[in-house]
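Scroll down for the structure; my scribbles are underneath it.
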Amino acid sequence: MCGIAGILEFDTGKQPSVEGLRRMAQVLTHRGPDEEGFYHSGPVGLAHRRLSIIDLASGQQPMMSPDGQVCLVFNGEIYNYPELKLELTQKGYEFRTNSDTEVLLALYVYYGTDAFAKINGMFACAFWDQQRRRLVLARDRFGKKPLFYYRDPHRFLFGSEIKSLLAYDGIEREVNLAALHEYLTHSYIVGEPTIFKGVYRLPAAHVLVVSDKQVRRFPYWEFKFQPTDNPPTEEEAVEQLEELLRQAVRRRLMSDVPLGAFLSGGLDSSVVVALMAQLSDRPVQTFTIGFEEAEYSELGDARVVAEHLGTDHHEMIVKPSALDVLPDLVRHFDEPFGDSSAIPTYYVCRAARQHVTVALSGDGGDEVFAGYKLYQEVDQFRQIERIPTWIRRQLLKPLASAVLFTWPGWNSLYAMGRWQDGGLPCELGIFPWIQEQLYSRDLKDQVVQHDPLAFSRRILKHAGHLDAVSRYQYLDTLQYLPADILTKVDRMSMANSLEVRSPLLDYTVVEYLATLPLSFKLRGGTSKYLLRKLCERLLPASVLTKRKQGFAIPKDRWFQNDLRAFAEDLLLDRRTLARGYFRKNSLKRLLKHHASGQRDYSTWIWCLIVLEMWHRLCLEG
């Protein structure tokens with residue numbers, strides 16, 4: 001895994017700053033601690049930081065094509081590179097290394113921007129095509145590897161992280177209030193704009209071409225969610241799923257450095273480890289994080305699976321003092337990021353990095369197999385539509401605005417008042433009351449024209465032909481997965497110079513599951529139905545009956561006890577209030593009500609803490 005960065009100057013005769021490019025690379029050292037490399041040619045400068053995984057002796061970047069016309073910097077892994085290498089060799093390409101980097105370079109030389117649809121892997125890459133005088137950027141299908149860019153009339157910058165763009169100098173650190181509004185709706189930022197005005201993220205499965213000062217962007221792959229009219233039998237589906245998953249795991253065992261896996265004891269990570277155990281000639285190294293609060297800890301569940309599969313198992317306990325690392329985590333994300341499971345993710349990555357350089361995970365299982373509890377509750381939410389529209393709009397909506405958010409039943413009242421016929425729960429956002437009672441008048445006025453759910457609505461409209469649960473799966477795969485789950489795993493793993501691979505998100509697996517009927521995923525009250533059928537062959541029965549448990553920290557109790565004073569001091573500090581975003585009295589009410597134990601507002605408190613720390617560390621620091 002690596003970090004990449006670069007600059008293309010638009011002004012005639014101007015060359016990129018050598019020192020500026022080195023600063024861009026320096027702040028990405030955690031993504032690639034082993035080596036660095038640079039390329040300079042006329043208006044272009046490219047930088048690369050390497051975490052050596054495959055072909056340790058060669059494969060250095062930036063890498064040039066044999067004729068010197070194309071230069072590549074690349075972050076990621078190409079899992080099908082042996083097959084692609086054979087195809088390109090038969091076309092006459094003579095390889096100089098055993099790296100997947102050179103295979104990617106050769107693919108572009110032969111196929112241009114059509115190359116990316118041939119790749120099975122995770123990647124963010126940039127090519128300087130000297131002959132065509134163009135810069136080409138691309139990102140993998142599901143957005144596992146990040147890529148950001150900035151352009152103005154004089155230049156174009158790109159990098160694996162926003163901090164690399166800011167390191168070059170010349171970009172104003174100005175808050176994008178529309179993105180801030182999205183963060184306070186979802187707990188993460190969706191779409192292309194970032195929290196910094198003028199800085200954008202390249203969407204997953206897209207190519208961006210910069211030529212003659214013009215920027216053109218287009219998709220090279222589209223996720224199609226369409227159940228077939230002639231589905232296989234259940235037994236055929238289980239057999240096909242097992243074969244696809246086995247191939248996906250086998251591809252991700254390719255490594256010239258030590259390799260292990262995360263293990264929570266749930267279905268997703270357990271099936272990955274089970275297949276790894278079958279395909280490995282030595283015990284798999286597995287890693288688990290737990291808490292002193294038993295209801296949040298999965299140590300026992302993971303231990304059962306580890307003993308059943310005979311893994312070399314490692315455990316770690318996370319305590320409230322673990323939040324001492326929060327400032328570092330905020331810096332690694334570059335943007336406000338409110339998923340508190342970043343804390344245990346960071347620590348499990350740190351624990352794994354002490355033993356391995358690559359770890360496999362079960363990420364993506366809830367999205368592609370329909371594992372989230374909310375999928376089972378969609379029909380319950382839609383019962384709201386039985387309430388006449390005029391009652392919802394004319395009575396319930398204004399009533400929710402008039403009473404305090406601490407009033408019993410307020411969340412349900414708000415949901416009923418704003419429910420759109422044919423809607424889904426996600427359209428309410430996770431912070432339904434913030435605009436109503438926490439936002440200051442000034443912030444409301446500045447964001448009133450921006451719909452923080454517009455991105456979600458576009459995806460849902462595109463999936464209008466699907467049933468409600470499948471629409472939600474489609475939305476989560478295209479929004480929640482890349483913007484939250486994969487962002488979290490990338491930043492926390494790279495903070496520890498660890499590469500994480502996700503076999504459940506092999507696109508062959510995802511595409512196959514998208515063709516199956518909903519009943520293969522959600523049947524009655526049973527989630528992940530097809531995966532459970534497969535796991536019956538591989539895992540102990542206790543895994544199949546284990547209650548679903550998210551990778552969460554006990555923040556509800558922490559903010560009532562150990563971290564109560566910390567939260568109050570930070571959120572009610574003069575410096576925080578002076579930003580003018582929130583009403584002081586509403587903040588006080590929120591903190592007090594949570595501390596009383598009457599209701600859990602820990603998710604809201606966490607997101608507000610992260611937002612303030614981001615201001616101090618990333619915007620002003």
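The values are calculated or read from the model by the stated rules, or taken from the named source; none is laboratory data. Values in this document were obtained by computation on a predicted structure and should not be read as measured data. Here Cβ is always computed from backbone atoms with ideal geometry, including for glycine, and neighbour counts include all displayed protein chains. Heads up: the accessible areas ignore ligands, DNA and RNA and are worked out on the full protein's heavy atoms, side chains in. Shrake-Rupley method; radii C 1.70, N 1.55, O 1.52, S 1.80 Å.
Roll a 1.4 angstrom probe over the protein heavy atoms and tell me the percent of accessible area of the chain that is carbon or sulfur. It would help to have the intermediate numbers written out before the result.
Values: 11470 of 24070 Å².
The computed percentage sits at 48.
Note: relative contact order over segment 518-621, using C-alpha pairs below 8 Å and six or more positions apart, is 21 percent.
Near residue 314, the amide H atoms lying under 5 Å from its own belong to 286, 287, 288; only residues 5 or more places off or on other chains count, and H is placed 1.01 Å from N.
Entry note, the chain: relative contact order of 16 percent, from Cα contacts under 8 Å with a spacing of 6+ residues. As a ratio to 2.2 N^0.38 Å, the alpha-carbon radius of gyration for segment 117-188 is 1.35. Charge dipole (Cα centre; +1 on Lys/Arg Cβ, -1 on Asp/Glu Cβ; no other charges) of segment 359-415 amounts to roughly 480 debye. Summed over the residues of segment 183-290 and divided among them, the accessible surface reaches 41 Å² per residue at a probe radius of 1.4 Å.
What's the ranking of 102-113, 566-577 by average number of surrounding C-beta atoms within 10 Å, highest first? Walk me through the numbers on the way to the answer.
Working: 102-113: 20.9, 566-577: 15.1.
Listed from highest to lowest mean packing, they are 102-113, 566-577.
Computed over neighbours whose Cβ is under 13 Å from that of residue 249, the net charge equals +1, Lys and Arg +1, Asp and Glu -1.
Rounded to the nearest 20 debye, the dipole magnitude of the chain is 1620 debye, with +1 charges on Lys and Arg beta carbons, -1 on Asp and Glu beta carbons, and the Cα centre as origin. Shown in residue order for segment 594-605 are the 3J(HN,Hα) couplings computed by the Karplus curve 6.51 cos²θ - 1.76 cosθ + 1.60 at θ = phi - 60°: 5, 4, 6, x, 6, 8, 8, 10, 5, 5, 5, 4 Hz (x for Gly and Pro). Ignoring lysines fewer than eight residues from residue 14 along the same chain, the ones with Cα atoms less than 30 angstrom from its Cα are 163, 197, 213.
Where does the charge balance sit around residue 3 when Lys and Arg score +1, Asp and Glu -1, over other residues with C-beta under 14 Å from its C-beta? Here the count lands on +1. Taking trypsin sites (Lys or Arg not before Pro) across segment 1-92, the ones in a DSSP loop with at most 15 further Cβ atoms lying within 10 angstrom of their Cβ are 14, 91.
Sorted from longest to shortest, the spans of the Cα atoms of segment 1-52 along the three principal axes equal 36, 15, 12 Å.
Annotation: per residue accessible area for segment 70-132 equals 35 Å², rounded to a whole number [probe 1.4 Å, protein chains only]. For the chain, evaluate the Debye formula with one uniform point scatterer on each Cα (no solvent term) and list log10 I(q)/I(0) at q = 0.11 Å⁻¹, rounded to two decimals. Rounded to two decimals, the profile gives -1.15. Rounded to the nearest whole angstrom, the semi-axes of the ellipsoid equivalent to segment 499-621, taken from the Cα gyration tensor as √(5λ), stand at 42, 20, 14, largest first. Among the listed pairs 319/555; 144/533; 521/546, those whose Cα-Cα separation exceeds 19 Å are 144/533. Counting only residues at least eight positions apart within a chain, or on another chain, there are no aspartates and glutamates with an alpha carbon under 12 Å from that of residue 373.
For segment 121-209, the Cβ-based charge dipole about the Cα centre amounts to some 360 debye (Lys, Arg positive; Asp, Glu negative; other atoms uncharged). List the trypsin sites (Lys or Arg not before Pro) within segment 290-398 that fall in a DSSP loop (any state other than H, G, I, E or B) and whose Cβ has at most 12 other Cβ atoms within 10 Å. Loop-located and lightly packed - none at all. At a probe radius of 1.4 angstrom, the accessible area of segment 133-182 per residue rounds to 28 square angstrom. Taking a straight Cα-Cα cut-off under 12 Å and skipping sequence neighbours fewer than 8 places away in the same chain, the aspartates and glutamates within cross-link reach of residue 588 are 568, 569, 573. Placing unit charges on each Cβ (+1 for Lys and Arg, -1 for Asp and Glu) gives segment 1-106 a dipole about its Cα centre, and among 21, 89, 68 the Cα reaching farthest toward its positive end belongs to 21. In this structure, the amide hydrogen of residue 196, modeled 1.01 Å from its nitrogen in the peptide plane, lies closer than 5 angstrom to those of 176, counting only residues at least 5 positions away or on a different chain. Computed on segment 87-149, with alpha-carbon pairs under 8 angstrom and 6+ residues apart, the relative contact order is 22 percent. For segment 201-231, the set of trypsin sites (Lys or Arg not before Pro) satisfying both a DSSP loop assignment and a count of at most 10 other C-beta atoms within 10 Å is given as 224. Debye-formula intensities of segment 12-125, expressed as log10 I(q)/I(0) at q = 0.12 Å⁻¹, are -0.44 (one equal scatterer per alpha-carbon, no solvent).
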